[in-house]
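The values are calculated or read from the model by the stated rules, or taken from the named source; none is laboratory data. On a predicted model such as this, the values are computed, not experimentally measured, just so you know. As a convention, Cβ positions derive from the backbone with ideal geometry for all residues, glycine included, and neighbour counts pool all protein chains shown.
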Amino acid sequence: MASPSANKNTSLLARVVPPIVVCLVGLVVVGLKIGQSPAEQMQTFAVAYLETLDDSQRELTMEDFDSPTRVGWHFIPKDERKGLMLGKMNDAQRTAALRLLRAALSEAGYSKANRIMLLEEVLNEMEGGKGRWERNPQRYFVTLFGDPRGDGGLSEGSVDDESAGRWGLSFEGHHLSLNFVCRGNEVLDSTPQFLASNPATVMNETTVTLGKGTAVLSLEEQLGFKLINAMSDEQRELAVIADEAPAEVRFAGEPQPKVTVAKGIEYAKLDQSQKDILRDLISAYTDVAAGPVAAARRAQIQEDGWDQVQFAWAGAMEPGIGHYYRITGKRFLIEFVNTQSDPAGNPANHIHCFYRDLTGDFDLPISE
């Protein structure tokens with residue numbers, strides 16, 4: 001027999017966040033189409049999602065591909081955002097929207113996104129419902145740029161038009177910003193990819209779905225600690241770029257990361273076990289995307305050469321004190337920071353991290 005607390009959590013899950021659970025169940029029943037690329041799957045589910053909407057909802061959801069709002073992103077709490085909010089959809093519409101998101105992500109990536117949304121319930125409980133911002137796992141917004149309903153996802157316009165054939169997806173809310181550009185059967189870009197977790201680790205018992213011990217981004221944090229603590233003093237001299245961690249990741253909300261010179265220890269100066277840890281750490285970020293997209297990210301790093309990769313650290317080398325790392329390759333940038341307290345005052349228990357494209361996020365040249 002299930003315990004009373006288990007029954008309580010199950011009923012609350014069904015009452016508060018049914019669309020998130022329904023999506024997972026629906027995917028088991030419906031399934032992603034075998035043999036389709038992620039871009040084709042995304043197109044299939046984008047079209048299906050649009051068909052569930054009424055005219056006013058469709059107007060909120062769809063924008064021109066070249067709209068300046070496409071490159072406007074942020075993870076902070078906001079009163080207004082682009083797109084249509086999950087909370088303004090009925091169950092069928094939310095399920096369709098989340099199927100679209102699931103098609104864009106790996107199983108691990110979708111699990112992280114799902115739990116980041118559910119952490120809003122934890123934050124609401126920790127703040128006693130009296131915080132400045134509404135904490136709601138359905139306060140996440142879907143926007144489509146261009147029209148995926150055309151032939152192969154093609155937008156209107158000539159083949160010479162730079163934006164012809166491309167359409168984009170933004171799924172965004174507090175602590176989550178996922179952005180994609182597709183054309184036909186190809187995902188042209190899948191960044192910026194931003195994930196965050198507050199609290200980084202749930203320290204106390206809760207009455208909501210995610211309980212004590214939940215640590216959504218534990219892999220990203222623990223592998224970072226594992227790598228810096230595996231280094232010799234001489235290696236740390238190269239890896240550590242500051243005694244204190246910065247307050248925030250760089251380029252937050254900016255359309256493009258403006259990276260100049262990479263810092264830190266070079267991949268070639270790590271021993272094999274340290275190289276393996278670094279590869280695993282990078283995979284925690286690359287593998288948020290759907291399998292073929294993640295594989296293309298990893299192949300790009302291999303093509304550029306692992307010796308192009310540098311790892312930098314700042315701050316403490318143990319939990320509970322502000323810490324930060326960045327990983328810079330020829331064509332990618334990863335940053336992680338944990339310096340802020342959670343609402344209960346537990347220090348360094350609030351993670352921000354991202355994966356970005358140094359050739360240009362949003363399928364735009366870096367110079368734009």
Ile34 versus (1) of a type in the set (A, V, I, L, M, F, W, C); (2) buried (at least 16 other Cβ atoms within 10 Å of the Cβ); (3) modelled with pLDDT under 95: which is the lone unmet condition? (2)
Pairs only if they're at least six apart or on different chains, beta carbon under 8 angstrom, first in region 279-293 and within 21 Å of Gln308 (Cβ to Cβ), second of a type in the set (Asp, Glu); list them, first residue then second. Leu281/Glu220; Ala284/Glu220; Tyr285/Glu220
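Here is a yes/no grid of residues against (1) aliphatic (A, V, I, L, M); (2) part of a strand (DSSP E or B):
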| residue | (1), (2) |
| --- | --- |
| Ile282 | yes, no |
| Pro292 | no, no |
| Ile321 | yes, no |
| Val337 | yes, yes |
| Ala344 | yes, no |
| Arg356 | no, yes |
| Phe362 | no, no |
Filtered residue count, region 257-291, keeping only those that are within 17 Å of the chain's Cα centre (by Cα) and at pLDDT 95 or above: 11
How about region 253-276: which of its residues are of a type in the set (A, V, I, L, M) and surrounded by fewer than 18 Cβ atoms within 10 Å (Cβ to Cβ)? Val259, Val261, Ala268
Pairs with Cβ under 6 Å, 6+ apart, first in region 240-269 and in contact (Cβ under 8 Å) with a residue 24 or more places away in the chain, second β-branched (Val, Ile, Thr): Ala245/Thr339; Ala247/Thr339; Val249/Val337; Pro255/Val71; Gln256/Ile366; Ala262/Thr328; Lys263/Ile241; Tyr267/Val309
Qualifying position, being loosely packed, with under 15 Cβ neighbours inside 10 Å, touching a residue at least 24 places away in the same chain (Cβ under 8 Å) and under 19 Å from His350 (Cβ atoms), among Asn229, Asn204: Asn204
How many residues, within region 48-68, are in contact with a Gly (Cβ under 9 Å, 6 or more places away or on another chain), touching a residue at least 60 places away in the same chain (Cβ under 8 Å) and assigned to a helix (DSSP H, G or I)? 1
Just checking, does region 327-334 include any residue being surrounded by fewer than 19 Cβ atoms within 10 Å (Cβ to Cβ), basic (Lys, Arg) and outside the structural domain of Asp66 (by TED's automatic domain parsing)? yes
Can you name the residue in region 84-95 that is surrounded by fewer than 22 Cβ atoms within 10 Å (Cβ to Cβ) and within 21 Å of the chain's Cα centre (by Cα) and is also farthest from Arg166 (Cα to Cα) among such residues? Gly87
Look at Phe362 and say whether it is touching a helix residue (DSSP H, G or I) at 6+ places or on another chain (Cβ under 7 Å), within 21 Å of Phe65 (Cβ to Cβ) and of a type outside the set (A, V, I, L, M). yes
Qualifying residues in region 96-127 (those that are among the polar types (S, T, N, Q) and over 12 Å from Pro199 (Cα atoms)) - the one surrounded by the fewest Cβ atoms within 10 Å (Cβ to Cβ): Ser111
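Is it the case, given these coordinates, that Lys130 is modelled with pLDDT under 95 and either under 23 Å from Ala48 (Cβ atoms) or surrounded by fewer than 16 Cβ atoms within 10 Å (Cβ to Cβ) (or both)?
So Lys130 fits the description; yes.
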The lone condition Arg326 fails out of (1) basic (Lys, Arg); (2) over 20 Å from the mean Cα position of the chain (by Cα); (3) closer than 14 Å to Gly264 by Cβ is (2)
Look at Gln222 and say whether it is in the same structural domain as Gly322 (by TED's automatic domain parsing), within 24 Å of Lys330 (Cβ to Cβ) and of a type outside the set (Lys, Arg). no
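Yes/no per residue for (1) closer than 30 Å to Arg297 by Cα; (2) assigned by TED's automatic domain parsing to the domain that holds Gln36; (3) not in a loop (DSSP other than H, G, I, E, B):
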site: Arg94; (1), (2), (3): yes, yes, yes
site: Arg99; (1), (2), (3): yes, yes, yes
site: Gly109; (1), (2), (3): yes, yes, yes
site: Lys112; (1), (2), (3): yes, yes, yes
site: Leu118; (1), (2), (3): yes, yes, yes
site: Leu123; (1), (2), (3): no, yes, yes
site: Lys130; (1), (2), (3): no, yes, no
site: Arg135; (1), (2), (3): no, yes, no
Any residue at all in region 208-224 that is touching a residue at least 40 places away in the same chain (Cβ under 8 Å) and touching a Cys at 6+ places or on another chain (Cβ under 7 Å)? yes
